There are 4 protein chains.
Amino acid sequence: MRDSREATADSYFACSEVERAAFEAGIKLGSIYHQFVGVPLRSENVSTLEKAIEAGCKVQPFVESVSVKIDRSKLKRKRGQYDYVSLTGDMLDVALVIRYGGTRVRASMRLVEEMNYPLMYIESVEHA
Amino acid sequence: MRDSREATADSYFACSEVERAAFEAGIKLGSIYHQFVGVPLRSENVSTLEKAIEAGCKVQPFVESVSVKIDRSKLKRKRGQYDYVSLTGDMLDVALVIRYGGTRVRASMRLVEEMNYPLMYIESVEHA
Amino acid sequence: MRDSREATADSYFACSEVERAAFEAGIKLGSIYHQFVGVPLRSENVSTLEKAIEAGCKVQPFVESVSVKIDRSKLKRKRGQYDYVSLTGDMLDVALVIRYGGTRVRASMRLVEEMNYPLMYIESVEHA
Amino acid sequence: MRDSREATADSYFACSEVERAAFEAGIKLGSIYHQFVGVPLRSENVSTLEKAIEAGCKVQPFVESVSVKIDRSKLKRKRGQYDYVSLTGDMLDVALVIRYGGTRVRASMRLVEEMNYPLMYIESVEHA
């Protein structure tokens, strides 16, 4: 059930339901990237960070589900003090489902090697 | 003219041109919020920060124009060492135009006082 | 045992062991604040986020222990889509121990209400 | 002249003047790294970003001067929409002077190639 803040928010939008869902998907992927890139990372904390990114994303409006995988191939176990890296966008593999009204948008972010770029894209639009 | 990375990117999307433009708008607003919230702020650096946020946004794909205004009402001039604040989402007023193909999406972020929330929303969708 | 990257790092420093430990403490507190301020937050994800901040901090050099508590008094359980907040510095209570050589520095960050400011400070310096 | 918030802050510290200055230096370098890593970057906005990082740092307590240089060797001018990178720690070259009481601490952050790591370190401690 919509509460009054949702009704107020809706009154600001001048677009279709699907466009709104696509917009909300973009917000969440942009948020994940720019909030968490830079976090210190090693084998020991990678799954904790994945869970925190997922949990922080689910808190945001219209997120039906989200899955975050961080590429472990560049990670090391601790030997010396400086054996860790910083999270980069290239390491992120995110799958997100936004549900707004009767629409589901599936969006993802992952490294597209051909572009050497962590692409955010829409995989499908479904009308429930 | 599209280059080959753009063609590759396009091949990942399964949605309409307008939905793509709406998605790209969401990415940029989510990025601004989560990248820059927390920056130390005082009267002396507020316009420099506005320019840097705008310039960083224009670098991203399909941004036709962007304007960033930071609410100065909470800022102080320096007297003591601790006279500054951190940028919060409530202080941001952003107006963004995304152009993708023949579509323009105008999107904004600003504090909606009735919601006590910095809302990101789509103001208009235009077909050129 | 020190590895070669640690020896290289040490060769760059022109200060005492205690000053180095104090510097390392400052880095970690500045990192926590500016990395995580802005994360979307609700009762459901607050403990997951605390754990991720702690785990990300432990990965960094010379951190012996760290404890992160986020003030829950401003958090809500989900009813509407917009019922969440963004993490601010005022909500953070961090206690950190840096061990470098024979020195322990205990440092903290927490809201000092008298200053209306989330202060980072050194609580004690110990020579082991 | 110290104001009352500075006096309150000072009352929390249990360390020497030099240790305090070293701690303050660490905070600022940790802040720069974790606030700005991830910003979209191209030749067109690099100098604007350098200025904003410097200006945001000067706002913080006890910063006497700061200089930020971003490595331009990895940057491109815009041709296609995806021709930009994200700021990484490896690209940052920061020189900072903290003045606290009668002490000056010079600290830096820059890529140490031998370590493949953006090291933050103290270059000198001076008693005025």
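The values are calculated or read from the model by the stated rules, or taken from the named source; none is laboratory data. Source: prediction; values computed, not measured. Counting neighbours? That spans all protein chains shown, and the Cβs are built from the backbone with ideal geometry, glycine included.
Out of (1) of a type in the set (Asp, Glu); (2) under 13 Å from the mean Cα position of the chain (by Cα); (3) farther than 25 Å from residue A:18 by Cβ, the odd one out for residue B:64 is which?
(3)
Quick one: which residue in A:58, A:74, A:51 is modelled with pLDDT under 95 and of a type outside the set (Ser, Thr, Tyr)?
Details: A:58 fails: modelled with pLDDT under 95; A:51 fails: modelled with pLDDT under 95.
When all the criteria are applied, what remains is A:74.
Taking the residues in segment B:112-128 that are under 13 Å from the mean Cα position of the chain (by Cα) and in contact (Cβ under 8 Å) with a residue 40 or more places away in the chain as candidates, determine which candidate is farthest from residue B:33 (Cα to Cα). It would help to see each step written out before you state the result.
Start the filter on segment B:112-128 by keeping residues that are under 13 Å from the mean Cα position of the chain (by Cα), which leaves B:118-122.
With the extra rule that they be in contact (Cβ under 8 Å) with a residue 40 or more places away in the chain, the set shrinks to B:118, B:120, B:122.
On the way: B:118: 10, B:120: 10, B:122: 16 Å.
Here the residue is B:122.
Of all the residues that make up segment A:20-51, how many are of a type in the set (D, E, K, R), away from chain B (no Cβ under 14 Å) and within 16 Å of residue A:94 (Cβ to Cβ)? Full working, then the answer.
Kept after step one, since they are of a type in the set (D, E, K, R), are these residues of segment A:20-51: A:20, A:24, A:28, A:42, A:44, A:50-51.
Filter again for away from chain B (no Cβ under 14 Å), leaving A:42, A:44, A:50-51.
Going one step further and asking which of them are within 16 Å of residue A:94 (Cβ to Cβ), we end up with A:50-51.
Looking only at that region, the number is 2.
Please count how many residues of segment B:10-38 are in contact (Cβ under 8 Å) with a residue 40 or more places away in the chain and among the hydrophobic types (A, V, I, L, M, F, W, C). Spell out how you get there, then give the answer.
Of segment B:10-38, the ones in contact (Cβ under 8 Å) with a residue 40 or more places away in the chain are B:17-18, B:20-22, B:24-26, B:28-30, B:32-33, B:36-38.
The next check asks that each one be among the hydrophobic types (A, V, I, L, M, F, W, C); those that pass are B:18, B:21-22, B:25, B:29, B:32, B:36-37.
Of the residues in segment B:10-38, 8 are in contact (Cβ under 8 Å) with a residue 40 or more places away in the chain and among the hydrophobic types (A, V, I, L, M, F, W, C).
What is the number of the single condition among (1) surrounded by fewer than 22 Cβ atoms within 10 Å (Cβ to Cβ); (2) in contact (Cβ under 8 Å) with a residue 24 or more places away in the chain; (3) assigned to a loop (DSSP other than H, G, I, E, B) that residue A:46 does not meet?
Checking residue A:46 against (1) surrounded by fewer than 22 Cβ atoms within 10 Å (Cβ to Cβ); (2) in contact (Cβ under 8 Å) with a residue 24 or more places away in the chain; (3) assigned to a loop (DSSP other than H, G, I, E, B), the one that fails is (3).
Does residue B:79 satisfy being more than 25 Å from residue A:60 (Cα to Cα) and in contact with a Phe, Trp or Tyr (Cβ under 8 Å, 6 or more places away or on another chain)? Please lay out each step first, then the result.
Values: more than 25 Å from residue A:60 (Cα to Cα): yes; in contact with a Phe, Trp or Tyr (Cβ under 8 Å, 6 or more places away or on another chain): no.
The answer is no for residue B:79.
Pairs please, first residue from segment A:66-94 and more than 10 Å from chain C (Cβ to nearest Cβ), second anywhere and surrounded by fewer than 17 Cβ atoms within 10 Å (Cβ to Cβ) and in a loop (DSSP other than H, G, I, E, B), Cβ atoms under 6 Å, 6+ apart in sequence or on different chains.
Here the result reads A:91/A:71, each pair linking segment A:66-94 to a residue that is surrounded by fewer than 17 Cβ atoms within 10 Å (Cβ to Cβ) and in a loop (DSSP other than H, G, I, E, B).
Scan segment C:95-125 for residues that are within 14 Å of chain A (Cβ to nearest Cβ) and aromatic (Phe, Trp, Tyr) and jot them down.
Matches in segment C:95-125: C:100 only.
So which residues in segment C:1-19 are polar (S, T, N, Q) and more than 7 Å from chain D (Cβ to nearest Cβ), if there are any at all?
Our first condition is that a residue be polar (S, T, N, Q); within segment C:1-19, this holds for C:4, C:8, C:11, C:16.
Matches in segment C:1-19: C:4, C:11, C:16.
Before we move on, is residue B:22 surrounded by 19 or more Cβ atoms within 10 Å (Cβ to Cβ) and more than 30 Å from residue C:33 (Cβ to Cβ)? Let's see the steps before the verdict.
Details: surrounded by 19 or more Cβ atoms within 10 Å (Cβ to Cβ): yes; more than 30 Å from residue C:33 (Cβ to Cβ): yes.
Against the criterion (surrounded by 19 or more Cβ atoms within 10 Å (Cβ to Cβ) and more than 30 Å from residue C:33 (Cβ to Cβ)), residue B:22 qualifies.
I need a count of the residues in segment C:82-105 that are more than 18 Å from the chain's Cα centre (by Cα), crowded, with 19+ Cβ neighbours inside 10 Å and outside any loop (DSSP other than H, G, I, E, B).
Taking segment C:82-105 and keeping what is more than 18 Å from the chain's Cα centre (by Cα), we get C:82-85, C:101-103.
Subsequent filtering for residues that are crowded, with 19+ Cβ neighbours inside 10 Å retains C:82, C:84, C:103.
If we keep only those that are outside any loop (DSSP other than H, G, I, E, B) too, we end up with C:103.
Residues meeting the conditions: 1.
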